[in-house]
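The next block holds one structure in the form of structure tokens; read it before the comments.
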Amino acid sequence: MRVVILGSGRLGSRLANSLAKGSDYQIVIVDEDETKFKNLEEHENVQRVTGNIFNEDVATLVFAEPTEIFVAVTGIDNVNIMVAQIIKKKFKIPRVLLRIFDPTLSSVYKGLGLETVCPTDFALQEMLKIVEKGPGKG
């Protein structure tokens, strides 16, 4: 399975490293900033691409082969949302997953057919569990 990840920060690198350990994955990770690849381990099945995904040449290179999943995990919600919509439509990617920090935006785009993960919601649920345990029980 071919997976393209946009963003090689903490989450993107960790996702690529984890997926690369499975022999069933071919991973392409894209970032404008080559220094972001520092947390990316060396794996035969991981290709690094330095460039802007909005650049036609970069996008065409990245999606030259059939891709089953595109994951957008830059640190900017609007970039993730915009690129997810463009890539899904233009390259006919079956599954598009994106991180959105804003819970309201996450719900909206989930309703429009994009698969979203909202770390704010996850953190909220965990904190509520801890607080509800009461003092000294965390």
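Split the accessible area of the chain by element, probe 1.4 Å, and carbon with sulfur accounts for 56%. Quick note on region 1-75: its Rg to Rh ratio, both from C-alpha atoms and Rh being the Kirkwood radius, is 0.92. Computed from the C-beta positions of Glu44 and Ser18 and an R0 of 22 Å, the FRET efficiency is 0.90 to the nearest 0.05. Using θ = phi - 60° in the Karplus curve 6.51 cos²θ - 1.76 cosθ + 1.60, the 3J(HN,Hα) couplings for region 67-73 round to 10, 8, 9, 10, 10, 10, 10 Hz; x is entered for Gly and Pro. Computed from the Cβ-Cβ distance with R0 of 22 Å, the FRET efficiency linking Lys90 to Asp33 stands at 0.40.
When the alpha-carbon atoms of the chain are used, the pair Rg, Dmax equals 16.4, 56 angstrom. Per-residue ellipticity at 222 nm from helix content only, as computed over the chain with -39500 (n - 2.57) for each DSSP H run of at least four residues, stands at -12500 deg cm²/dmol. Remark: the Ile130-Leu112 segment gains 3.2 nm on full extension, using 0.36 nm per residue and subtracting the alpha carbon distance.
Hey, what did the chain get for relative contact order, percent, Cα under 8 Å, at least 6 apart?
Working: 227 pairs, mean separation 26.7, N = 138.
Taking the mean separation of contacting Cα pairs over the length of the chain, I get 19 percent.
A cut-off of 5 Å between modelled amide H atoms, ignoring neighbours fewer than 5 places along the same chain, links Gln47 with Ile27, Val28, Ile29.
For region 22-138, what is the accessible area per residue in Å², given a 1.4 Å probe and the full set of protein chains?
On a per-residue basis, region 22-138 sits at 64 Å².
Taking a virtual spin label 7 Å from the Cα of Arg10 along the C-beta vector, which residues in region 102-138 bring their backbone nitrogen under 14 Å of it? Answer for region 102-138: 119-120, 123.
The values are calculated or read from the model by the stated rules, or taken from the named source; none is laboratory data. Just so we're clear, the structure is a prediction, and the values are computed from it rather than from any experiment. Ideal geometry is used to build each Cβ from the backbone, glycine not excepted, and the neighbour counts take in all protein chains shown. These accessible areas exclude ligands, DNA and RNA; they are computed on the full protein's heavy atoms, side chains included. Shrake-Rupley method; radii C 1.70, N 1.55, O 1.52, S 1.80 Å.
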